[in-house]
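Any read-out appearing in this document is the output of simple, stated calculations on the displayed coordinates, not a laboratory observation. Keep in mind the model is a prediction, meaning the values are calculated, not measured. Note that we place each Cβ from the backbone using ideal geometry, even for glycine, and neighbour counts take in every protein chain shown.
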Amino acid sequence: MLFDHCAQCQRCCNVEAGYPPLEITLTAKERKKLGSVCIETRCDHLGPAGCNMGDHKPFGCNLYPLSYNPNNKSFYFDTDCPLMDDYLIGLADVQSDASAHLQKARQEIVQLEKTDPAFLQLNHEVDVAYFDLKRITAVHFSSKQNKKNSNR
């Protein structure tokens, strides 16, 4: 599985020395439940097997290693994530973990565009400030995936 590596890597759940704390962007619903989630050096919700928040994991964390720009409706990838190459290759296969991750993210984003567009904007702004983002282009998708997405 593509994301099995995340529990060992945990790079996205740690802030390197010298960098400011990372306030995880929360949806309005998540703020009511969680209050705030801030990573000063290492996320408090990180256990030996990865995130221990289960179903309460913030959408911004679930979205990672992607970032969504609501202004141009594009997805970006954090180039510091060691999964980048495998993820982008996986997008060519509609049955891959990468394609499933992207599809799930798209479904949630459709809802958030209606219910919490301010979250989407702020989340992308935070991602731009913290990560080195590379736009995911049509080249990364299989012709089958592109056709499926253009029918929406």
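Roughly speaking, what % of Cα-Cα pairs in segment 2-150 are separated by over 26 Å, rounded to a whole number?
On the way: 2563 of 11026 pairs.
Result: 23 percent of Cα pairs exceed 26 Å.
What is the angle, in °, between the Cα long axis of helix 117-130 and the longest principal axis of the Cα atoms in the chain? Nearest 10 is fine, range 0 to 90. Long axis of 117-130 versus the principal axis of the chain: about 80 degrees. Spin-label point model (7 Å from Cα, Cβ direction): what's the CYS38 to MET84 distance in nm? Computed distance between label sites CYS38 and MET84 equals 2.9 nm. Computing FRET efficiency as 1/(1 + (r/R0)^6) for ASN72 and ALA49, where r is the C-beta to C-beta distance and R0 is 30 Å, gives about 0.25. In the frame of its principal axes, segment 27-113 has Cα extents of 37, 32, 21 Å, reported largest first.
When the helices in the chain are scored as -39500 (n - 2.57) per DSSP H run of 4 or longer and the sum is shared across all residues, what 222 nm value do you end up with, to the nearest 500 deg cm²/dmol?
Numbers: 7 runs with 64 residues, N = 152.
Helices in the chain give a 222 nm mean residue ellipticity of -12000 deg cm²/dmol.
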